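K.L.:
Sharing a structure, written as structure tokens. Questions coming.
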Amino acid sequence: MEYRIVIDRKAPSIDDVKNFLLTEKSGAIFIFNGIVRNSNRKKEVAYLEYEVDEETGKSVLKEYLKNFESRIQKAFIFQPTGKLSVGDDTLIIGASSYSREESFDAVRNILEFMKHKFPVWKKEYYKDGENHWL
Amino acid sequence: MLIRVKFFGELKEKTGKRSVELTLEPLKIRREDLIRILEKEFDIPKEKIFNVAVNNSLSEDFIEDGDTVSIHPVYRGG
């Protein structure tokens, strides 16, 4: 299985992600695209900041992706870092597989792994001037 | 033993440091023991649940002499 992990300020285009994931053996590609929404904790969100422990992040993801070695063809993970505005892309996770179940399952599981295990800190800044580490 | 603890995000902000070196009496400690030590040493939020990465891995049970550790929140919503 081939994979690409991108930790960057600028998100790739969904077309670029799809082009990376596509193989001649692929019958399905599933892509999750998270977005910065305009409210959280009953407050209006102005913007977010992410700080990532890149070294640990790439290491733990590489280890986790071994779980999908024989089930998917390719995987793509984008984790943003730095400042993001409402409407910006956050996490992008994609997988390609022979049929739909494998890539759907892989993306869902990688997403849960990212939410619970990936080493990232997120700070929300609100329109009322307050901020909060999540 | 001597370990290095890297801080990111809220912990970097609260401690004012990117990393610290800690000299500890035991030869090895569990991840949760390190959190208790850091809670006493620094003003880190007690209500949060943390993952502790040891030498860039989440699968090590113990922290030993010479290890580098980083600490991150378990869940960030969304």
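K.L.:
Summarise the accessible area of the protein assembly as shown (1.4 Å probe, protein heavy atoms) by the percent that is carbon and sulfur.
P.N.:
45
K.L.:
Find how much the distance from A:K62 to A:D128 grows on full extension, using 0.36 nm per residue of separation minus their present alpha carbon separation; answer in nm with one decimal.
P.N.:
On the way: separation 66, 0.36 × 66 = 23.76 nm, distance 3.96 nm.
Additional length available on full extension: 19.8 nm.
K.L.:
Heavy-atom accessible area per residue, the stretch A:2-126, 1.4 Å probe: how many Å²?
P.N.:
Values: 6450 Å² over 125 residues.
I get 52 Å² per residue for the stretch A:2-126.
K.L.:
Helix-derived [θ] at 222 nm for chain B: sum -39500 (n - 2.57) over DSSP H runs of at least 4, divide by residue count, nearest 500? Each step should come with its number before you reach the end.
P.N.:
Working: 2 runs with 18 residues, N = 78.
After summing the helix terms and dividing by the residues of chain B, the value is -6500 deg cm²/dmol.
K.L.:
Same structure, new question: For A:K25, give me every one of the aspartates and glutamates with a C-alpha distance below 16 angstrom, ignoring sequence neighbours fewer than eight places off in its own chain.
P.N.:
A:E2, A:E69, A:E101, A:E102
K.L.:
Taking the Cα centre as origin and putting +1 on Lys and Arg beta-carbons and -1 on Asp and Glu beta-carbons, what dipole magnitude results for the stretch A:47-134, to the nearest 20 debye? Please report the intermediate quantities before stating the final value.
P.N.:
Working: 13 positive and 16 negative charges, 55 e Å.
Dipole magnitude for the stretch A:47-134 comes out near 260 debye.
K.L.:
Do any residues of the stretch A:104-120 show a loss of at least 40 square angstrom of accessible area between the isolated chain and the full protein assembly, using a 1.4 Å probe, and if so which?
P.N.:
A:K115, A:H116, A:K117, A:V120
K.L.:
Answer with one residue from B:I35, B:P73, B:V54: the one whose Cα lies farthest towards the positive end of the charge dipole of the stretch B:2-73, charges on Cβ with Lys, Arg +1 and Asp, Glu -1.
P.N.:
B:P73
K.L.:
Starting from the Cα of B:S57, step 7 Å along the direction of its Cβ; do the same at A:D105; then give the gap between the two resulting points in nm.
P.N.:
The answer from the label model is 2.7 nm.
K.L.:
Any idea what angle helix A:100-117 forms with the longest principal axis of chain A, computed on alpha-carbon atoms, 0 to 90 degrees, nearest 10?
P.N.:
With both axes taken from Cα atoms, the answer is about 40 degrees.
K.L.:
Rank A:V6, A:T23, A:V36 by how far each Cα sits towards the positive end of the charge dipole of chain A (+1 on Lys, Arg Cβ; -1 on Asp, Glu Cβ) and give me just the farthest.
P.N.:
A:V36
K.L.:
In Å², what does the accessible area per residue of the stretch B:2-73 work out to with a 1.4 Å probe? Before the final figure, lay out each step's value.
P.N.:
Numbers: 4030 Å² over 72 residues.
Per-residue value: 56 Å².
K.L.:
Hey, if we sort A:M114, B:M1 by accessible area with the 1.4 Å probe, largest down, what's the order? List each step's numbers first, then the result.
P.N.:
Details: A:M114 0, B:M1 30 Å².
From most exposed to least exposed: B:M1, A:M114.
K.L.:
Leaving ligands and nucleic acids out of the surface, order A:S85, B:S70 by accessible area at 1.4 Å, largest first.
P.N.:
On the way: A:S85 55, B:S70 5 Å².
The ordering from most to least exposed comes out as A:S85, B:S70.
K.L.:
Next question. Quick one: dipole size for the stretch B:2-73, taken about the Cα centre, charges +1 on Lys/Arg Cβ and -1 on Asp/Glu Cβ, in debye to the nearest 20.
P.N.:
Working: 13 positive and 15 negative charges, 53 e Å.
Around 260 debye, computed over the stretch B:2-73.
K.L.:
Give, to the nearest whole percent, the P(r) tail of the protein assembly as shown beyond 27 angstrom, counting all Cα pairs.
P.N.:
38
K.L.:
As a check on your grasp of the helix formula, calculate [θ] at 222 nm for chain A: sum -39500 (n - 2.57) over DSSP H runs of n ≥ 4, divide by the residue count, round to the nearest 500.
P.N.:
When only DSSP H runs of four or more count, the value is -9000 deg cm²/dmol.
K.L.:
Note down the accessible area of B:E64, probe 1.4 Å, to the nearest 10 Å².
P.N.:
My reading of the accessible area for B:E64 is about 90 Å².
K.L.:
For chain A, take the longest principal axis of its alpha carbons; what is the angle in degrees between that and the long axis of helix A:54-65, to the nearest 10 within 0 to 90?
P.N.:
Orientation of helix A:54-65: about 40 degrees from the principal axis.
K.L.:
Just how many % of Cα pairs in the stretch A:1-127 lie over 16 Å apart, if you round to the nearest whole percent?
P.N.:
Numbers: 4918 of 8001 pairs.
Across the stretch A:1-127, Cα pairs with separations above 16 Å total 61 percent.
K.L.:
On a straight-distance basis, which lysines could pair with B:K28 in a cross-link, Cα separation under 19 angstrom, same-chain partners fewer than 8 positions away excluded?
P.N.:
B:K6, B:K40
K.L.:
Within chain B, what's the longest run with no trypsin sites (Lys or Arg not before Pro) in a DSSP loop and at most 14 other beta-carbon atoms within 10 Å? Give the range, please. Walk me through the intermediate numbers first.
P.N.:
Values: sites that count: B:K17, B:R18, B:K46.
For trypsin sites (Lys or Arg not before Pro) (loop position, at most 14 other Cβ atoms within 10 Å), the longest site-free span of chain B is B:47-78.
K.L.:
Considering the alpha-carbon set of the stretch A:76-134 alone, what are its Rg and its Dmax in angstrom?
P.N.:
14.7, 49
K.L.:
Taking N as the number of residues in the stretch A:6-45, what is its alpha-carbon radius of gyration divided by 2.2 N^0.38 Å? Display every interim value, and only then the final one.
P.N.:
On the way: Rg = 15.1 Å, N = 40, 2.2 N^0.38 = 8.9 Å.
In units of the 2.2 N^0.38 Å rule of thumb, it is 1.68.
K.L.:
Ballpark to the nearest 100 Å², how much total accessible area do A and B bury together, probe 1.4 Å? Could you put the intermediate results ahead of the total?
P.N.:
Numbers: alone 8150 and 5380 Å², together 11410 Å².
Summing both chains' loss of accessible area gives about 2100 Å².
The values are calculated or read from the model by the stated rules, or taken from the named source; none is laboratory data. Fair warning: this is a prediction, and the values are worked out from it, not measured in the lab. Heads up, the Cβs are rebuilt from the backbone with ideal geometry, glycines too, and the neighbour counts pull from every protein chain shown. For the accessible areas, the whole protein counts, side chains as well, though only heavy atoms, and no ligand, DNA or RNA atoms are used. Shrake-Rupley method; radii C 1.70, N 1.55, O 1.52, S 1.80 Å.
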